[in-house]
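Notes for the one structure printed next.
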Amino acid sequence: MATDKIATVADVGIKEQDRWKWDVSFRRKFFDWELEQHQRFLKLTNSVVPIDEDDFLYWKGDNAGLFSVKGLCRFVEDKKYGRTDWQIPKSIKQMIPAKVGVFMWQLQRDRVATKACLMTRGMVLPEEGMCNMCTSNVESSAHLFVHCEIIWQFWCRIMQREGQNWVVPQDMKSLLLEWGNWRIKTDKILWDIISYALCWSIWLERNNTVFNDKTFCAESVWDLHLARI
Ligand SMILES: [Zn+2]
C-alpha cells in the first residue's frame, strides 16, 4: 500500500523538534475494514524510534547484540527443541551417573528410543511397536514410563506412600516438571532421586524384555529402583 515500496527509513520519517515522526504515504485512502489494521501499523511503527548513531550489526540471538558461538548454539537449540524449564535438580547433580542424567534429559524431551520413536524415524517393527508389557498400546515414552498399567502402579505406590493424591500427568515432561511439587514428607534429596532410579530401572528391565526375551518383572524393577536409591 505504501507509495514507495523500497524507501529507506530516512525517506519515510522526519525529525520535528528533535522528535522522530514517521511519515509513510499510501497509494489511496483506507477502506473502513482496513482502518484497524492501519492503526495497528501506526502503533507498531511508533514503537520504533530511529537513533542518530551509525548503522551496526546486531546479533538478535543475544540481548547484548553481540555474536558468540555459545549464543548461536542456544538459539538453534531453543528453535529445535523449544525452551524447557526442566533441569537436573542441583541437590542431586553430583550423585546421578552421567548416563542416567543424559537419559533423563532425553526422556523429558521425548527423545528416548522407544518403539514409537523408532517408528517415527521410519523403522518397521514387529507387532506394530506394541508395548511388551501390556501388548495393547504403542510403546511411546509416555506409555512406557507413565501410563502402562504396571508402571502407573509404581507411581501410585510412591504417591500413596507419600500420602499424596495425584492426577497422572500426560507425559514424562510434565511428570518431571511437577515432581518437586508432589513431595510431602520424604526428604528432598531422596525424593528427587526416586524418579531417576525408577525410570532408569524401568528402562533397563524394558531393554531386557525387548532384546533378551525376558518377561518383564515388576517386582524386580521395584526392588532394583530401591537398591539404586
Ligand atoms: Zn504397556
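Here's the list of aspartates and glutamates a cross-link from residue 93 could span, going by alpha-carbon distance under 14 Å and ignoring same-chain residues fewer than 8 apart: 192. Once you've got the Cα coordinates, tell me which of 99/214; 60/115; 99/188; 70/185 are over 30 Å apart. Over 30 Å apart, Cα to Cα: 60/115; 70/185.
Length available on full extension from residue 135 to residue 188: 0.36 nm per residue minus the Cα-Cα distance, which gives 15.5 nm. Peptide packing: for 169-175, 121-127, the average count of neighbouring Cβ atoms within 10 Å per residue gives the ranking 169-175, 121-127, highest mean first. Residues considered: 183, 111, 27. Largest GNM mean-square fluctuation over the chain, using C-alpha springs under 10 Å, is found at 27. Put a plus charge on the Cβ of each Lys and Arg, a minus charge on the Cβ of each Asp and Glu, and nothing anywhere else: the dipole of the range 91-228 about its Cα centre is then about 500 debye.
Computed over the alpha-carbon pairs of the chain, the distance histogram in 5 Å steps reads 1, 5, 10, 12, 12, 10, 7, 6, 5, 5, 7, 7, 6, 4, 2, 0, 0 percent, short to long. Of the peptides 58-71, 133-146, the order by per-residue mean of other Cβ atoms within 10 Å, starting with the highest, comes out as 133-146, 58-71. In the chain, helices alone account for a calculated mean residue ellipticity at 222 nm of -14000 deg cm²/dmol, with every DSSP H run of four or more residues adding -39,500 (n - 2.57).
Just so you know, all these numbers are worked out from the coordinates, no wet-lab data involved. Keep in mind that this is a model prediction, so the values were computed, not measured. We place every Cβ from the backbone using ideal geometry, glycine too, and count neighbours over all the protein chains shown.
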